[in-house]
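K.L.:
Quick one: the structure is below, questions incoming.
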Amino acid sequence: VQLQASGGGLVQAGGSLRLSCAASGRTFPNTAVAWFRQAPGKEREFLAAMRWGNENTHYTDSVKGRFTISRDNAENTVYLQLNSLKPEDTAVYYCAAGYPPRLSITAPRHYNNWGQGTLVTVSS
């Protein structure tokens, strides 16, 4: 599956953005799509994930209640809604697809398809 991420931009603190990850190619019920981000000088950080075949979602604690992952099957697109943005949310945001084990859905090493990244900049 190939992924195309979009929707990043410059926003003021407290603002919102919606990122999109358009998938082309075949997906399966156990295909997981996740969002990660990487800020300069920092490691890639897991944000949220869901599998194509169910509505279960997974979030890292730091974004629970602010970020929401969702899926549009008809459009073959996964979204990440970013609300109440903070300057520390500034990073390149990536979507990725793979088949991670249930207990390892947060680990980047289990995702073998990555989108090109979209930059989110939050000004104070």
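The values are calculated or read from the model by the stated rules, or taken from the named source; none is laboratory data. Predicted model only: the values in this text are computed from it and were never measured. Ligands, DNA and RNA are stripped out before the accessible areas are found, and what is left, the full protein with its side chains, is counted by its heavy atoms. Shrake-Rupley method; radii C 1.70, N 1.55, O 1.52, S 1.80 Å.
K.L.:
Return the single residue from Ala34, Ala48, Ala22 with maximal mean-square fluctuation; model: Gaussian network over the chain, springs between Cα atoms under 10 Å.
P.N.:
Checking each option, the largest mean-square fluctuation is seen for Ala22.
K.L.:
Moving on. What does the accessible area per residue of region 1-85 come to in Å², with a 1.4 Å probe and no ligands, DNA or RNA counted?
P.N.:
Each residue of region 1-85 exposes 51 Å² on average to a 1.4 Å probe.
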